[in-house]
Amino acid sequence: MLKPVFAALMVLIADPSQVQHLTAPRGGPVMIDGRISAGEWRDASSLVLGRARIWVKQTSDFVCIAVEFPPDTHGFADLIISPVSGQIIDLHASAKLGERTLGKQGWSGWNWWNNDGWTANVSRVDSFEQRTFLPETAREYQIRRSRFPGKNWRMMVELSLEQKDGSYHAIALPANATEADPSGWIELTFSP
């Protein structure tokens with residue numbers, strides 16, 4: 001009798017359609033520098049997705065979100081948020097910061113450096129002549145709490161990981177998440 005119950009429990013745990021929940025506790029500020037230090041994030045909640053980790057917390061005015069890339073990888077990130085309004089907004093952090101929204105006709109064009117109410121660490125230039133960047137293994141975001149009101153957000157992350165040939169391979173966090181459907185995204189709740 002124990003085996004069927006155990007098997008059913010394993011299906012529930014492994015079911016990719018289950019929504020992941022994460023609560024953003026109140027905590028101290030962080031330096032938005034792309035370095036995940038234990039001291040800065042000790043008062044945050046975290047969630048491991050595959051080999052990556054997402055950290056969240058809130059201060060009185062900001063939501064702090066960090067995305068730690070899988071070990072031995074680097075690249076850039078898109079933090080995609082759907083606040084209570086249902087709108088879908090992509091906050092992009094690579095060598096540039098930019099934002100776009102998803103509408104009925106698809107994604108709007110990128111509006112670079114329009115990061116009003118939010119910031120993130122950007123890729124650091126290694127060489128202007130060769131157009132190379134230092135490897136970034138994390139992205140830290142700081143979002144003004146008033147920018148996206150509500151007690152809950154849905155969010156997903158798309159990591160673009162640099163390959164040995166210089167191309168990029170995108171992975172979604174959670175793995176079953178799609179940009180146009182927040183139902184499979186992480187549900188982020190803000191503690192009082």
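Throughout, read-outs are computed from the coordinates displayed, never taken from laboratory work. Nothing here was measured: the structure is a model prediction, and the numbers come from that model. Cβ atoms come from the backbone with ideal geometry, glycine included; neighbour counts cover every protein chain shown.
Among the conditions (1) of a type outside the set (Ser, Thr, Tyr); (2) under 26 Å from GLN58 (Cα atoms); (3) under 18 Å from the mean Cα position of the chain (by Cα); (4) exposed (fewer than 12 other Cβ atoms within 10 Å of the Cβ), the only one that TRP113 does not satisfy is (3).
Which residue is nearest to ASP43 (Cα to Cα), if the candidates are limited to the stretch 65-121 and must be among the charged types (D, E, K, R) and part of a strand (DSSP E or B)? Selected residue: GLU68. Restricting GLY150, GLY166, GLY184 to residues that are in contact (Cβ under 8 Å) with a residue 12 or more places away in the chain and at positive phi narrows the list to GLY150.
Is it true that some residue in the stretch 160-175 is under 23 Å from GLN58 (Cβ atoms), touching a strand residue (DSSP E or B) at 6+ places or on another chain (Cβ under 6 Å) and part of a strand (DSSP E or B)? Yes, the stretch 160-175 contains at least one residue that is under 23 Å from GLN58 (Cβ atoms), touching a strand residue (DSSP E or B) at 6+ places or on another chain (Cβ under 6 Å) and part of a strand (DSSP E or B). Summed over the stretch 161-188, the residues that are crowded, with 16+ Cβ neighbours inside 10 Å, within 28 Å of MET31 (Cα to Cα) and out of contact with any His (no Cβ under 7 Å at 6 or more places or on another chain) give a count of 7. Of the residues in the stretch 44-64, not one is assigned to a helix (DSSP H, G or I), touching a strand residue (DSSP E or B) at 6+ places or on another chain (Cβ under 6 Å) and closer than 19 Å to ARG26 by Cβ. The set of residues in the stretch 91-108 that are buried (at least 21 other Cβ atoms within 10 Å of the Cβ) and in contact (Cβ under 8 Å) with a residue 60 or more places away in the chain is empty. Scanning the stretch 62-77 for residues that are of a type in the set (A, V, I, L, M, F, W, C) and without any contact (Cβ under 8 Å) to a residue 40 or more places away in the chain yields no hits at all. Among the residues of the stretch 69-81, write down those that are surrounded by fewer than 21 Cβ atoms within 10 Å (Cβ to Cβ) and either touching a Phe, Trp or Tyr at 6+ places or on another chain (Cβ under 7 Å) or at positive phi (or both). Result: ASP72, single match.
Only one entry in ILE88, ILE80 is under 20 Å from ASN176 (Cβ atoms), β-branched (Val, Ile, Thr), touching a Ser or Thr at 6+ places or on another chain (Cβ under 9 Å) and touching a residue at least 40 places away in the same chain (Cβ under 8 Å), namely ILE88.
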